[in-house]
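The values are calculated or read from the model by the stated rules, or taken from the named source; none is laboratory data. From a predicted model like this one, the values you see are computed outputs, not experimental measurements. Using ideal geometry, Cβ is built from the backbone for each residue, glycine included, and neighbour counts are taken over all protein chains shown. All accessible areas refer to the heavy atoms of the entire protein, side chains included, with ligands and DNA or RNA removed. Shrake-Rupley method; radii C 1.70, N 1.55, O 1.52, S 1.80 Å.
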Amino acid sequence: MTRPVLSLSIFLTACASFSVGQAASKPPNLTDAAISAQARSIHDSALIIDTHADTPQRFLDEGFDIGSTDPNDIGHISLDKVRRGNLGAEFFSIWVDPTTNQGHFAQHTFDLIDSVYEQATRHPDRMMMAFSVADIERAHKTHKLAALMGIEGGHSIENDIHLLRDYYRLGVRYMTLSWSNTNEWADSSGDINDPKIQHHNGLTDFGKQVVLEMNRLGMMVDISHVADKTFWDVIATTKAPVIASHSSARALCNAPRNMTDDMLRAVAKNGGVVDVNFFSGFDDQNYWDASEAQAKERDAAIEAALAKKRAAGQPISYLDEDRIEREWGAKIPRPPLKSLIDHIDHIAKVAGVDHVGLGSDFDGMSGATPEGIDSAADLPRITQALLDRGYSADDIHKILGGNLLRVFREVERVSQGLLEAPSQLHAIAH
Ligand SMILES: [Zn+2]
């Protein structure tokens, strides 16, 4: 999820990409024509894992059914699109807007978790809940989408380690320590320069305990979104490899939530994986600059629309912001697919090909993907582009999912070694 914390202008979102009309008029087999037989064969023999999609908000707020075959639907994920893209596993993001859910973060977290289970219940022939490496492999063998869950933002645990464990028991297998908002134990890159926010110089002692408890449970620690100092505190604390579920490279696009080359090398040393975000604002400097330039006006437009709804006593959902962000994003030229592939390539060169993967941010960026990527159905284009750059079939398989599977397996192994020891943690922060 790339939506801004409202009133902040350093985060953005928007859709430069496509209007409903364009999406509808796209020939259904365009993707297939652009993919060579060799790329198709490499792609179809891969176990493809994406570590970040915000579709649960669509499930909950729009009543969207993942089985939808509506040709006018502009969403990135449906079971049909998943099948066409040979996507094997998706980590569905459990993202609780910290502004509109004040006072009931946990309740909304549970509602979103429920929405993912409900979809799996509706479509048992094509989708199954998955909680482990073994589950992902089992789903792949039976040609079903493995549905996993990651919580995006540590505020969901309400400073309570019991809740963290409950989320694990419900199947959550990673947690992004912060979203764009600094919480009470982890600084975020999204508001690190805002003097009105109380910061902690990275992770608090409780924050470090959260990381260790996640190691013990076997929940992957996700460092996307966190402030730089938080990242380094995590690296110094964790006993297991970490993931960046949806982050790109700062050397190529200077967004504060992208990762520096030093961070990329640290993740490599830690044995983790950085899964590249498909959002044009994080992958293309021109897009980022154009979006920054319109941030003030765009945020004011969003504020005005929300204030109008509030005054009328109407409920506010993410859709209200999403609609306006798409309008503003449509004013910015859509970057080429090369922008996204450059990030995969850069991280593979700096951190190594064992430490890069896919973290699309599908359905969480108001449609702002590069040319050629309109949905999960277009994933074969990434395989084609990597093949064109000289990547071997083995390396492409690692990038498409093998690396994440290795990290997840190691996180499970570390957890096995730690579980016998009783938790020494304080239950509540402060
Ligand atoms: Zn996000």
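Taking the alpha carbon gyration tensor of the stretch 318-430, multiplying each eigenvalue by 5 and rooting it gives semi-axes of 33, 25, 11 Å, largest first.
Amide H contacts of residue 220: 174, 175, each under 5 Å away and 5 or more positions distant or on a separate chain (H built 1.01 Å from N in the peptide plane; Pro and chain starts excluded). Could you tell me whether the stretch 28-96 comes out rounded, prolate or oblate from its Cα gyration tensor? Rule is a ≥ b ≥ c as square roots of the eigenvalues, rounded for a/c under 1.5, then prolate if a/b exceeds b/c, otherwise oblate. Since a/c reaches 1.5 but b/c is at least a/b, the shape of the stretch 28-96 is classed as oblate.
Nearest 500 deg cm²/dmol is fine: what mean residue ellipticity at 222 nm does the chain get from its DSSP H runs of n ≥ 4 alone, each adding -39,500 (n - 2.57), divided by its residue count?
Numbers: 17 runs with 181 residues, N = 430.
Calculated mean residue ellipticity at 222 nm is -12500 deg cm²/dmol.
Summary of the geometry: the stretch 204-229 and the stretch 307-382, compared by the centres of their Cα atoms, lie 25 Å apart. Stokes-Einstein diffusion of the stretch 285-380 at 37 °C, 0.692 mPa s viscosity, Kirkwood radius from Cα pairs, rounded to a whole number: 210 µm²/s. Pairwise alpha-carbon distances in the chain exceed 33 Å for 26% of all pairs.
Once a ≥ b ≥ c are taken as the square roots of the eigenvalues of the Cα gyration tensor of the stretch 153-301, is the result rounded (a/c under 1.5), prolate (a/b larger than b/c) or oblate (a/b not larger than b/c)? Note, shape of the stretch 153-301 comes out prolate. Over the chain, what percent of the accessible surface lies on carbon and sulfur atoms, probe 1.4 Å? Result for the chain: 52 percent of the exposed heavy-atom area is carbon or sulfur.
Packing, as the average of other Cβ atoms within 10 Å across residues, places the peptides 274-283, 199-208 in the order 274-283, 199-208, highest first.
List, in the order given, every pair from 229/338; 144/349; 208/349; 229/349 whose Cα-Cα distance in the structure shown is over 27 Å.
Listed pairs above 27 Å: 229/338; 144/349; 208/349.
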